[in-house]
Every structure is written in C-alpha cells, then in structure tokens.
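Every number in this text was worked out from the coordinates using simple rules, so none of it is lab data. Here the structure is a predicted model, which is why all the values come from computation and not from measurement. Neighbour counts are summed over all protein chains in view; Cβ atoms, including those assigned to glycine, are modelled from backbone coordinates with ideal geometry.
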Amino acid sequence: MKTFRTKKNRKGKRIRYPINDPRMGLVTREGVTKTQHAWDVDDGMTALPIYDLPNDLWRADHNRSDVNKVDYNRATDADKPKLPKKQKMKPAIKSEWKTMLSELESGNPIIVAGDDWNKKIPELNGFVPQKYRSSIKHLGYGYFIGETEHGSFKFDGGGAMKHVSDDGQTISWSILQAPPEVLNDLGYKLPEVKKVVASIIKRGNYRT
C-alpha cells in the first residue's frame with residue numbers, strides 16, 4: 001500500500017508524491033529517490049540547517065550524500081557557493097598601513113579595531129589578557145590605562161583612535177604605549193606584528 005504526501009513547492013504549487021519506504025523516509029519523484037529531508041531542501045521548505053543536516057557548502061560537494069547516505073544528483077560548478085571577491089586596498093588605506101609599519105619599525109606597538117585584517121595583529125577588544133582587563137580604566141576622551149605586574153600601558157580607543165576612510169574602505173588604529181616588560185606581560189610580539197603588517201601592504205588586499 002502506497003502512502004502519499006503533499007506540500008507546496010517554492011512557486012506555491014501543491015505537489016503529491018508517494019513515500020516508497022517508510023523505514024528510511026525515502027521518496028521517489030520522476031524516477032529519482034531521495035530522503036524526505038533532501039526533497040524538502042530542494043523545495044525550499046527546510047530553511048534552517050542544524051547539526052548533521054545539509055547546508056549550502058555541504059550540498060555543493062560533488063561527492064555529497066544526504067544524511068541517510070542516499071546520493072544526490074551530482075553537482076555542477078554552478079552549484080558551488082561563490083565567495084566574495086577580494087577588494088584591492090584603496091590608496092589612503094595603504095598609506096595608513098605604511099604609517100603603522102613606520103611606527104612599528106621605530107619600536108612603537110600598534111593595535112587595530114576589528115580582527116578581520118589578520119588574527120595575528122593585536123585587536124582593540126582582545127589584545128589584553130583576561131587577568132589584566134579589570135585593571136583598565138577610562139581616563140576620558142577615549143584614553144585608557146591599564147596595569148600589569150611590571151607597569152602600565154596606555155592606548156586610545158573608540159572615537160579617539162586614528163580613523164581613515166577611502167571610497168567605502170576604513171581602518172582604525174592607535175599606538176600602544178608600554179615598556180618592553182609590559183608588552184611581554186601582554187603577549188605582544190612586536191617583530192611578528194611588523195612582519196604581518198608588511199605582508200598586508202605587500203598583498204594589497206582590503207581585509208582578509
């Protein structure tokens with residue numbers, strides 16, 4: 001005995017089809033067999049993927065199978081999600097990175113706002129280890145001071161940071177004022193940051 005299900009597809013048309021194997025939840029339409037979940041994904045009825053259910057990246061895999069190991073039709077290159085193209089850095093942004101590199105070469109550490117430039121560059125909201133965060137005080141006008149076992153560190157945050165924009169691209173940064181022993185407490189590795197900044201300038205891409 002066949003049982004049937006009906007659902008609306010993306011165009012609002014109600015479709016009727018048999019479930020030919022209740023144990024596996026398999027459904028055959030026009031000679032193609034998939035699990036019910038697979039058909040729901042294709043019909044646009046399953047919008048929220050959860051653990052072990054398909055998402056767009058999984059569905060674009062040419063060797064994919066659904067959660068019950070029933071193969072989909074093979075994907076084509078057109079099925080693969082397209083990643084956004086990397087933008088070339090605008091002149092004003094590149095100039096600002098060169099200014100930062102100059103500061104680093106002079107021994108002055110820098111921090112940036114946002115971690116999407118490079119995870120190795122100390123970021124405003126994450127460069128201070130947890131045990132020192134409670135020591136940070138706002139002195140007014142976006143100027144902050146914090147303490148470690150070996151001294152204090154100071155920096156500008158928020159609107160007090162240096163801001164540069166050029167045709168929709170932006171960068172915000174400031175100098176971190178701290179002696180070497182305090183930088184060591186903070187885990188700040190100036191030579192490593194200097195190399196990363198130099199590589200960003202050389203690559204010339206806006207963000208990662």
TODO: Using the number of other C-beta atoms within 10 angstrom as an exposure proxy, rank I136, I111 with the fewest first.
DONE: I136, I111
Task: Distance (nanometres) between label positions extended 7 Å along Cα→Cβ at I145 and Q87 - done: 3.9 nm
Task: Ranked list, fewest to most other Cβ atoms within 10 Å of each Cβ, for K90, K120 - done: K120, K90
